[in-house]
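Throughout, read-outs are computed from the coordinates displayed, never taken from laboratory work. What you see is a predicted model, and the numbers here were worked out from it, not measured in a lab. Note: ideal-geometry Cβ built from the backbone for every residue, glycine included; neighbour counts use all protein chains shown.
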Amino acid sequence: MIDRPFNNAKIVILLALCGGQLFDCGIARASDAKMQVDALLQRAVFLFQHQQVRDSIQVASMALNLDPGNAGAFMLRGEAHAAMEEPKYAVEDLEMALKLSPGSCNETVYTDCARSYCQLHQFQKALNLFNTAIQKFPPKKGKGNGDVASLYRDRASLYMLLHQEGKANEDINKAIQLSPTRPNYMARATFWKEKHEYQKAIDDITKAMQSFLTNHSAYDPEYLRIMQLRVELYDMTGQGALAKRDRELMRKEAKTVEDDLR
């Protein structure tokens with residue numbers, strides 16, 4: 001259910017909200033309610049980082065019992081519910097975080113809340129959140145726009161669900177302009193595939209593979225999965241020789257992995 005780690009920017013926000021360092025904060029030693037809340041939140045962040053998400057929810061709830069208006073606790077618990085694919089609880093908590101401390105919520109909070117609304121089929125609420133976030137977080141000059149790009153990418157997916165293909169195309173192109181990375185190229189490949197523009201989909205999958213290799217090995221299972229998608233499209237478009245070439249590459253790479261494991 002958890003498709004990404006709890007990112008550093010979010011940890012910084014939460015620690016700022018609960019006012020302290022991650023370590024040297026024993027809950028049992030806390031002398032007052034505020035210190036107890038701070039300690040609980042730091043413990044909840046630690047649990048989330050270590051994939052103990054259900055425990056993180058319970059600890060964040062303990063913090064809210066002591067401080068019912070703590071934005072950091074709502075943010076953390078909402079993110080945990082989103083990671084556990086519990087959209088009803090996620091939107092409740094994330095909306096509270098946005099209400100209590102909108103200035104402390106980054107792009108990911110808006111994205112996860114909007115995604116949760118999509119899971120609940122409340123598409124207009126999701127679209128409103130994406131629109132608000134895109135206005136609030138304009139792209140920065142230079143690099144470092146991955147989170148902003150994800151807003152455009154996810155809004156593009158929502159526009160596709162709403163059959164607004166023109167707006168979807170504009171958003172996914174903007175996402176790639178801001179961050180030419182695998183997730184954005186794969187999102188546009190999906191767009192082209194649904195429009196039966198198979199060669200354009202192949203071209204974007206190829207770009208996604210090239211982007212992936214800048215930080216990963218060709219033996220990574222995710223890389224092989226992407227290549228398999230290209231094989232399928234080659235077969236669909238009658239490009240048997242290219243499909244055969246990719247299959248042979250996949251076999252060689254899979255064999256290399258097996259040999260390395262021995």
Kirkwood hydrodynamic radius over Cα pairs of the stretch 123-179, then Stokes diffusion coefficient at 20 °C and 1.002 mPa s, in µm²/s:
191 µm²/s
Got a sec? Charge dipole of the chain, +1 on Cβ for Lys and Arg, -1 for Asp and Glu; which of 214, 118, 63 is way out at the positive end?
214
Starting from 0.36 nm per residue, how many nanometres of slack lie between residue 255 and residue 33 once their C-alpha separation is accounted for?
74.1 nm
Once the Cα atoms of helix 87-100 and of the chain are each reduced to a long axis, what angle between those two axes, in degrees from 0 to 90 to the nearest 10, is obtained?
60 degrees
Of the listed peptides 228-234, 238-244, 63-69, what is their order by residue-averaged count of other C-beta atoms within 10 Å, with the highest listed first?
228-234, 63-69, 238-244
Within 10 Å of each residue's Cβ, count the other Cβ atoms and sort 118, 113 from fewest upward.
118, 113
Quick one: what Rg and Dmax do you get for the stretch 181-262 from the alpha carbons, in Å?
13.0, 44
Above 32 angstrom, tally the Cα pairs of the chain and express them as a % of all pairs, no decimals.
35 percent
Give me 91, 45 sorted ascending by neighbouring Cβ count inside 10 Å, so fewest comes first.
45, 91
Residue 248 versus residue 141, label points 7 Å from Cα toward the beta carbon: distance in nm?
5.0 nm
For the chain, longest principal axis from Cα atoms; helix 71-83 axis from its Cα atoms; angle between them, nearest 10 degrees, is 30 degrees
Quick one: 219, 117, fewest Cβ neighbours within 10 Å first, how do they rank?
219, 117
Against the longest principal axis of the chain, how steep is helix 123-136, in degrees 0 to 90 to the nearest 10, with axes from Cα atoms?
80 degrees
Which order, highest average first, do 140-149, 185-194, 154-163 follow once you tally other Cβ atoms within 10 Å for each residue and take the mean per peptide?
185-194, 154-163, 140-149
Theoretical gain in end-to-end length, residue 61 to residue 120 [0.36 nm per residue, Cα-Cα removed]:
18.9 nm
Please tell me which of these pairs span more than 22 angstrom C-alpha to C-alpha: 99/141; 136/195; 174/200?
99/141; 136/195
Would you list, by chain and number, the aspartates and glutamates whose Cα falls below 20 Å from the Cα of residue 193, excluding same-chain residues fewer than 8 positions away?
154, 165, 170, 171, 203, 204, 222, 232, 235, 246
Which whole-number percent is the relative contact order of the chain (Cα, under 8 Å, 6+ apart)?
9 percent
